[in-house]
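J.: Structure provided below as structure tokens; questions to follow.
The values are calculated or read from the model by the stated rules, or taken from the named source; none is laboratory data. These figures come from a predicted structure and were not determined experimentally. Positions of Cβ are backbone-derived with ideal geometry, glycine not excepted, and every protein chain shown enters the neighbour counts. Keep in mind that these areas ignore ligands, DNA and RNA; they rest on the heavy atoms of the full protein, side chains included. Shrake-Rupley method; radii C 1.70, N 1.55, O 1.52, S 1.80 Å.
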Amino acid sequence: TYEHTAMSEAKVEAKVPNVLIVYYSMYKHIETMAAAVAKGVEAGGGKVTVMRAPETLSAEVLKKLGAPPKNEEHKECGSKDLAAADAIIFGIPTRFGMAAAQMKALLDRTGGLWMKGGLLGKPAGIFVSTGTLGGGQETTALTFITQLTHHGMMFVPIGYGCQKLTDLTEVHGGSPYGAGTLAGGDGSRKPSKLELEIAEYQVLHACDG
């Protein structure tokens with residue numbers, strides 16, 4: 001009947017996860033990775049929104065650092081956006097093996113959400129960018145898990161389900177904690193095809209599950 005069909009369609013629609021990808025990217029490495037992660041969400045049947053963490057540096061400082069303009073298509077993320085998502089994937093560049101201050105500042109502003117348990121039970125993933133292979137591919141994720149834990153979120157690692165993580169034919173980022181890219185000491189290296197494929201898989205397998 002029409003009623004039965006409508007109810008079935010409503011159930012299917014309700015199962016579509018609303019995934020928020022929130023990232024900080026000064027030189028576009030993490031932004032490029034975010035596009036691959038978003039592709040994986042869509043391929044897995046999820047609805048994706050891509051946003052960026054608010055900048056904490058002045059325009060003058062960013063200019064001196066040679067940072068390109070922000071992608072204005074990606075709006076700044078706030079606490080309400082985090083609360084509205086069914087799952088959140090954080091794109092984080094490293095600073096001395098830990099999350100960049102801009103991403104930490106975003107979480108520092110979520111005291112209100114913490115007070116009312118606004119993020120309790122939400123699945124969360126992490127992908128990163130580091131200058132070198134030993135520059136924080138794992139520690140950036142590990143040290144950020146404390147933020148997720150205090151909010152009661154469920155960390156979903158990539159594990160080794162993606163066999164491309166074990167590919168030793170080229171140097172690449174990524175770990176069982178999440179996808180990753182290597183920017184190089186001077187930031188000149190861009191995410192490789194392999195790294196982008198791992199980033200796409202990270203959420204694709206989660207959506208399929």
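J.: Pop out the ³J(HN,Hα) list for the stretch 161-175 in order, Karplus 6.51 cos²θ - 1.76 cosθ + 1.60 with θ = phi - 60°, rounded to Hz; leave Gly and Pro as x.
T.: Computed from phi, the couplings for the stretch 161-175 are x, 8, 5, 5, 5, 8, 5, 10, 7, 8, 6, 8, x, x, 7 Hz.
J.: Counting alpha carbon pairs within less than 8 Å and at least 6 residues apart, what relative contact order, in whole percent, applies to the chain?
T.: 24
J.: Determine the principal axes of the Cα atoms in the chain, then give the extent along each, sorted from largest to smallest and rounded to whole angstroms.
T.: Between the extreme Cα coordinates on each principal axis of the chain lie 63, 42, 30 Å.
J.: What accessible area per residue comes out for the stretch 37-168, rounded to a whole number of Å², with a 1.4 Å probe?
T.: Working: 6810 Å² over 132 residues.
For the stretch 37-168, the per-residue accessible area is 52 Å².
J.: Moving on to the next point. Can you work out the Karplus-derived ³J(HN,Hα) for every residue in the stretch 117-125? Use 6.51 cos²θ - 1.76 cosθ + 1.60 with θ = phi - 60°, whole Hz, and x for glycine or proline.
T.: x, x, 10, 4, x, 6, x, 9, x
J.: Rounded to the nearest 5, what % of DSSP beta bridges with both residues in the chain are antiparallel?
T.: Restricted to the chain, the bridges split so that about 10 percent are antiparallel.
J.: On to the next question. Calculate, in whole percent, how much of the Cα-Cα pair population of the stretch 111-209 lies beyond 20 Å. Walk me through the numbers before you get to the answer.
T.: Numbers: 2012 of 4851 pairs.
Distances greater than 20 Å cover 41 percent of the Cα pairs.
J.: May I pose another question? Express the carbon and sulfur contribution to the solvent-accessible surface of the chain as a percent, rounded to the nearest whole number, probe 1.4 angstrom. Display every interim value, and only then the final one.
T.: Working: 6420 of 10740 Å².
Using a 1.4 Å probe with all protein chains present, the chain comes out at 60 percent carbon and sulfur.
J.: Moving to a separate point now. Highest mean first, what order results for 119-129, 154-164, 61-71 on Cβ atoms within 10 Å?
T.: Details: 119-129: 22.5, 154-164: 15.3, 61-71: 11.7.
Result, highest mean Cβ count within 10 Å first: 119-129, 154-164, 61-71.
J.: Please report the Cα spread of the stretch 22-87 along all three principal axes, rounded to whole Å, starting with the longest.
T.: 41, 24, 15
J.: Let me check against my output: what whole-number percent is the relative contact order of the stretch 76-187, with C-alpha pairs under 8 Å and at least 6 apart? Display every interim value, and only then the final one.
T.: Numbers: 184 pairs, mean separation 32.7, N = 112.
Relative contact order for the stretch 76-187 comes out at 29 percent.
J.: Report the percentage of all Cα-Cα pairs in the stretch 38-151 whose separation exceeds 22 Å, rounded to a whole percent.
T.: 38
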